[in-house]
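Okay, structure first, notes after.
Nothing in this text is a laboratory measurement; each read-out follows from the coordinates by a stated rule. Everything quoted here is computed from the prediction, not taken from an experiment. Cβ placement follows ideal geometry from the backbone for every residue including glycine, while neighbour counts extend to all protein chains displayed.
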Amino acid sequence: MTTVRHRELGKELELEASFKSLGTARIFLQLRPWGEETLVVCDEHPLRGLGGSLHNSVVEAALQLRHRGMLPRLARVVEQQPGEVLRA
């Protein structure tokens, strides 16, 4: 289950994701102007549970690899819908 904890439309989105036995994690996405493009800043870290206890540099490296795959997919989705605001 994922809960929206904070949002500023077009700028920031902060989520709390629950992963049952692993606990919860905070996921923060921020959009920043980058010349004519947009920079996406993604910060993710465990809050509670087993995921926080097991979090180390190896897990952090795996998250970085996952983000490198996730962000290009996110960019493709956004670029397919130029000028359109998508709402859940």
What is the extension gain from residue 11 to residue 28, computed as 0.36 nm multiplied by their sequence separation minus the C-alpha to C-alpha distance, in nm to one decimal?
5.0 nm
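Net charge within 12 Å of residue 6 by Cβ-Cβ distance, Lys/Arg positive one each and Asp/Glu negative one each, not counting residue 6 itself? Don't skip to the end; give the middle numbers.
Values: positive: 5, 7, 11, 26; negative: 8, 12, 14, 16.
In short, 0.
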Let me check I've understood the local charge: for residue 33, count other residues with C-beta under 15 angstrom from its C-beta, Lys and Arg +1, Asp and Glu -1. What total comes out?
-2
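In a shell of Cβ-Cβ distance under 12 Å around residue 70, excluding residue 70 itself, what net charge do Lys and Arg (+1) and Asp and Glu (-1) give?
On the way: positive: 66, 68, 73, 76; negative: 44.
Within the 12 Å Cβ shell, the charges total +3.
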